[in-house]
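Since the structure comes first, as structure tokens, the remarks are kept for the end.
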Amino acid sequence: MLSETAPINLVVLGPPGAGKGTQAVAFAERYEVPKISTGDILRDAVQAGSDLGQRAETIMNAGSLVDDQLMIAIVRERLTRSDVVRGFVIDGFPRTVAQATSLDEIMVGRGELFVIEITVPDETLVERVARRRVCEQCGNVASVAAGVERRCAKCGGELVLRSDDTESIVRERLRVYAKETRPLVDYYSGRPTFRGVDGNQPATIVGTALDEAVQDIVAASTVVVAASEGSAG
């Protein structure tokens with residue numbers, strides 16, 4: 001059982017196409033904590049017209065990536081809101097070791113940071129993306145059999161291949177991930193709050209494994225606390 005008092009603060013890591021977003025949404029619903037994505041908070045900041053949002057909008061309108069300093073500031077602001085008191089699931093942040101270091105600073109006094117890496121072989125990721133289609137009408141994402149055209153199960157709209165879902169682009173994303181984001185695993189992997197989950201399984205099984213990994217972290221933390229209290233006594 002997960003603690004009903006300690007917050008569940010979860011970071012989900014993994015390469016493009018590993019299912020991070022899907023699992024983050026499902027976990028957030030199961031444990032009734034907010035699912036936070038960098039894309040969402042950037043859009044919210046821009047729409048709110050805050051100082052941070054205006055700075056982000058200027059950068060994005062110029063076709064540039066939001067830098068670490070600004071992204072950290074936006075995440076810091078998001079994590080001050082009252083809805084994260086029971087915890088959160090964050091997807092898409094941190095992406096660099098610099099961001100991870102800043103997140104550690106933000107988390108001081110907020111409870112443990114759980115980090116789960118979803119692993120999937122590169123060839124499987126390329127195959128997954130090759131089957132991925134997006135509905136032109138409602139934006140629903142679906143997987144189709146190779147060479148088979150299908151209609152959206154939600155609205156009946158046409159399912160199309162996104163322009164950035166070609167094999168060459170996916171392989172480039174994986175190369176960038178390995179170079180720039182993979183060091184995060186090295187940064188977190190030595191911690192007792194880090195676990196790996198095999199993402200090369202059906203989504204429901206991955207979700208169960210994710211829950212079990214979090215429960216294992218909580219159980220291990222409880223044992224450590226109990227042992228510490230026992231030795232102190």
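The values are calculated or read from the model by the stated rules, or taken from the named source; none is laboratory data. For clarity, every value in this text was computed on a predicted model and none was experimentally measured. Using ideal geometry, Cβ is built from the backbone for each residue, glycine included, and neighbour counts are taken over all protein chains shown. Ligands, DNA and RNA are excluded from the accessible area calculation, which covers all protein heavy atoms including side chains. Shrake-Rupley method; radii C 1.70, N 1.55, O 1.52, S 1.80 Å.
Specify the residue that is surrounded by the most Cβ atoms within 10 Å (Cβ to Cβ); the eligible residues are those in region 104-143 that are over 26 Å from R175 (Cβ atoms) and more than 21 Å from the chain's Cα centre (by Cα). Filtering first and then ranking leaves C135. In the set E136, E123, E172, only one residue is in contact with an Asp or Glu (Cβ under 6 Å, 6 or more places away or on another chain) and acidic (D, E); that residue is E136. For region 166-198, filtering for residues that are in a helix (DSSP H, G or I) and farther than 22 Å from A213 by Cα leaves 14.
Pairs meeting the criteria (first residue in region 66-95 and open to solvent by 10 Å² or more (accessible area, probe 1.4 Å), second residue modelled with pLDDT of 90 or more and charged (D, E, K, R), beta carbons under 8 Å, at least 6 apart or on different chains) are V84/R78; R86/E32; D91/K20; D91/K35; G92/K20.
Hey, could you check region 129-138 for residues that are out of contact with any strand residue (DSSP E or B) (no Cβ under 7 Å at 6 or more places or on another chain) and over 19 Å from A18 (Cα atoms) and say which is modelled with the highest pLDDT? Break it down into steps so the answer makes sense when it comes.
Going through region 129-138, the residues out of contact with any strand residue (DSSP E or B) (no Cβ under 7 Å at 6 or more places or on another chain) turn out to be 129-130, 137-138.
Still in the list and also over 19 Å from A18 (Cα atoms): 137-138.
Details: Q137: 84, C138: 87.
If we take residues in region 129-138 being out of contact with any strand residue (DSSP E or B) (no Cβ under 7 Å at 6 or more places or on another chain) and over 19 Å from A18 (Cα atoms), then C138 is modelled with the highest pLDDT.
Listed by first and then second residue, the pairs linking a residue in region 158-176 that is more than 13 Å from E123 (Cα to Cα) and of a type outside the set (F, W, Y) to a residue that is in a strand (DSSP E or B) and open to solvent by 60 Å² or more (accessible area, probe 1.4 Å), with Cβ atoms under 7 Å apart and 6 or more places separating them unless they lie on different chains, are E158/R151; L159/R151.
When restricted to residues that are closer than 30 Å to D216 by Cβ, within 18 Å of the chain's Cα centre (by Cα) and either open to solvent by 50 Å² or more (accessible area, probe 1.4 Å) or of a type in the set (A, V, I, L, M, F, W, C) (or both), region 174-198 contains 14. In the set (1) assigned to a helix (DSSP H, G or I); (2) within 26 Å of A153 (Cβ to Cβ); (3) at pLDDT 95 or above, the condition left unmet by A100 is number (2). For region 129-138, the count of residues that are part of a helix (DSSP H, G or I), touching a helix residue (DSSP H, G or I) at 6+ places or on another chain (Cβ under 6 Å), of a type outside the set (K, R) and at negative phi is at least one.
Of the residues making up region 17-51, those that are of a type in the set (A, V, I, L, M, F, W, C), over 16 Å from the mean Cα position of the chain (by Cα) and open to solvent by less than 40 Å² (accessible area, probe 1.4 Å) number 2.
Are any residues in region 144-165 acidic (D, E), open to solvent by 30 Å² or more (accessible area, probe 1.4 Å) and assigned to a loop (DSSP other than H, G, I, E, B), and if so, which ones? Let's see the steps before the verdict.
Here is the first cut: in region 144-165, the ones acidic (D, E) are 149, 158, 164-165.
Cutting the leftovers down to open to solvent by 30 Å² or more (accessible area, probe 1.4 Å) gives us 149, 158, 164.
Selection gives E149, D164.
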